[in-house]
Amino acid sequence: MLHIDMDAFYASLEVARHPELRGQPVIIGTGPRSVVSAASYEARRYGVNSAMASARARQLCPNGVFLPVDMKYYRMMSHRIFDEVFSRVTDRIEQVSVDECYMDVSAALLRWDRPSAIGAWMRREVASRYHVTCSVGIAANKLVAKMASTNAKPDGMLLIPVSRHAEFVQMMPLRGIPGIGPALEKRLVAWGVNSVADLAAMGEDALVRACGGSATLAHGLYLASRGLDERVVAPRAQEKSVGAERTFDEDTRDMRRVCGLLRWACDDVASTLRRRGLMARTVTVKLRFADLTYMTKAHTMEKPVDTASALYPQCVALLRAMMDVPPAAGEDISLSREIRLAGMSASGLVEAAGAVIQPTLDDLLEEADADDAAAPAPTKATRLREAEQALDAVRRKYGVKAASLGL
Ligand SMILES: [Mg+2]
């Protein structure tokens with residue numbers, strides 16, 4: 001498996017189209033209320049990082065070149081790099097974001113002989129054609145490949161042979177394991193676990209106690225601390241998107257009605273996704289107004305989903321952002337514009353068979369905290385998914401209107 005992560009992607013692309021910026025601290029994200037979307041390595045030397053408030057970045061790096069986010073350009077270049085370089089190695093590619101993917105090269109090895117030859121070729125091609133450097137991690141599984149690319153950054157390549165997987169992950173701090181977030185780290189530190197090596201030294205019983213009784217979380221940590229990971233690469237599906245939309249009988253400003261329609265659309269789209277064995281990473285909400293102009297807004301999630309219960313809250317958040325609804329306002333409000341049609345679509349589709357349906361380690365922690373029972377509890381997301389699958393079965397037998405999700 002290869003994990004490829006392009007370095008400071010947005011900033012590198014801006015430098016590529018404005019060569020006069022080479023060597024300067026470039027920071028993407030301007031405006032008094034915006035956050036930094038990317039920072040060149042020159043800017044990082046000043047302590048500037050992604051997700052930091054742009055105002056703070058300006059204090060740290062007053063001479064920085066601040067540029068607005070141009071997602072359309074970054075997406076277009078990402079498509080080209082995936083099409084013109086990565087896809088030439090194999091079609092077993094799971095794109096995680098515009099600048100990151102996993103690649104299963106086991107079949108491609110017949111032609112390429114060594115995985116490092118593939119990594120080196122891709123790094124050369126992307127650098128020479130697009131002036132973007134990539135970091136590549138090579139390992140026998142996704143977990144170790146990703147940790148290897150992180151450690152190879154920037155502009156490096158690291159191969160971890162399978163015999164060294166455990167040793168490699170055990171050199172890392174806790175947060176070096178993808179999925180261990182601040183909450184889980186804090187929990188583990190309270191149990192005297194300060195590193196992955198400490199984690200690997202714990203027995204499974206002690207791990208279960210440290211995990212608030214969640215055997216599932218404990219097992220996840222047990223595997224990760226040994227560099228074990230069974231997930232497979234889930235290539236992008238052929239289909240591009242699945243959507244549903246509907247025109248209101250009469251134009252409306254009623255937020256509740258628009259939400260109701262979005263809920264119907266999410267339910268419809270989610271059941272189509274499940275029927276076709278797909279999962280989606282990106283949610284887009286579309287609104288058409290009384291004057292026939294329209295607006296769309298999209299959000300990409302960290303992991304793919306196929307349930308209305310996961311899609312709907314994203315749609316509501318997008319709707320609120322699109323219509324400038326104050327965060328405290330409930331659904332009982334009148335929108336600022338009359339809406340003629342609303343709908344949503346799911347894209348960034350992957351085959352469900354290969355996708356990570358497993359909850360993240362942080363999801364499991366939340367579950368352990370919510371329910372301190374000794375028995376391993378499935379996560380809320382898992383239970384909702386099972387409920388929606390049951391709904392599919394009822395509808396197959398008795399028709400689409402036979403049952404629906406309660407609010
Ligand atoms: Mg990157």
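Structure notes:
- For the range 179-202, the criterion of being within 16 Å of the ligand (Cβ to nearest atom), surrounded by fewer than 21 Cβ atoms within 10 Å (Cβ to Cβ) and without any contact (Cβ under 8 Å) to a residue 60 or more places away in the chain is met by no residue.
- Residues (more than 21 Å from Glu388 (Cα to Cα), part of a strand (DSSP E or B) and touching a Lys or Arg at 6+ places or on another chain (Cβ under 7 Å)) located in the range 285-314: Val285, Arg288, Phe289, Tyr294, Thr296, Thr300
- Any pair with Cβ under 6 angstrom, 6 or more apart, that starts in the range 77-95 at a residue that is not assigned by TED's automatic domain parsing to the domain that holds Arg281 and part of a helix (DSSP H, G or I) and ends at one that is modelled with pLDDT under 95 and not small (Gly, Ala, Ser): Ser78/Val98; Phe86/Ile93
Condition check ((1) surrounded by fewer than 18 Cβ atoms within 10 Å (Cβ to Cβ); (2) touching a strand residue (DSSP E or B) at 6+ places or on another chain (Cβ under 9 Å)) across all residues:
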{"site": "Ala224", "(1), (2)": "no, no"}
{"site": "Glu230", "(1), (2)": "yes, no"}
{"site": "Phe248", "(1), (2)": "yes, yes"}
{"site": "Met255", "(1), (2)": "no, yes"}
{"site": "Leu262", "(1), (2)": "no, yes"}
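- Filtered residue count, the range 96-120, keeping only those that are touching a helix residue (DSSP H, G or I) at 6+ places or on another chain (Cβ under 8 Å), without any contact (Cβ under 8 Å) to a residue 60 or more places away in the chain and of a type outside the set (Gly, Ala, Ser): 2
- Looking only at residues of the range 96-125 that are in a helix (DSSP H, G or I) and of a type in the set (Phe, Trp, Tyr), we find that the one that is nearest to the ligand (Cβ to nearest atom) is Trp121.
- Meets criteria (within 15 Å of the ligand (Cβ to nearest atom), assigned to a helix (DSSP H, G or I) and farther than 27 Å from Tyr102 by Cα) for Ala57: no
- Residues of the range 352-368 include none that is surrounded by fewer than 16 Cβ atoms within 10 Å (Cβ to Cβ), under 29 Å from Gly260 (Cα atoms) and at pLDDT below 80.
- One residue from Thr90, Thr150, Thr133 being away from the ligand (no atom under 16 Å from the Cβ) and in contact with a helix residue (DSSP H, G or I) (Cβ under 9 Å, 6 or more places away or on another chain): Thr90
- Qualifying residue in the range 295-309 (condition: without any contact (Cβ under 8 Å) to a residue 60 or more places away in the chain and more than 21 Å from Glu239 (Cα to Cα)): yes
- From the options Val26, Val65, residue that is away from the ligand (no atom under 15 Å from the Cβ) and surrounded by 16 or more Cβ atoms within 10 Å (Cβ to Cβ): Val65
- Candidates Tyr41, Tyr46 - the one that is of a type outside the set (A, V, I, L, M), in the same structural domain as Arg124 (by TED's automatic domain parsing) and more than 16 Å from the ligand (Cβ to nearest atom): Tyr46
- In the range 321-342 there is at least one residue that is part of a helix (DSSP H, G or I) and either under 25 Å from the mean Cα position of the chain (by Cα) or surrounded by 13 or more Cβ atoms within 10 Å (Cβ to Cβ) (or both).
- Answer residue from the range 94-152, given it is β-branched (Val, Ile, Thr) and farther than 25 Å from Ser347 by Cβ and is surrounded by the fewest Cβ atoms within 10 Å (Cβ to Cβ) among those: Thr150
- Tallying residues that are more than 23 Å from the chain's Cα centre (by Cα) and among the hydrophobic types (A, V, I, L, M, F, W, C) within the range 219-243 yields 0.
The values are calculated or read from the model by the stated rules, or taken from the named source; none is laboratory data. Computed from a prediction, not measured in an experiment: that's the story for all the values here. Positions of Cβ are backbone-derived with ideal geometry, glycine not excepted, and every protein chain shown enters the neighbour counts.
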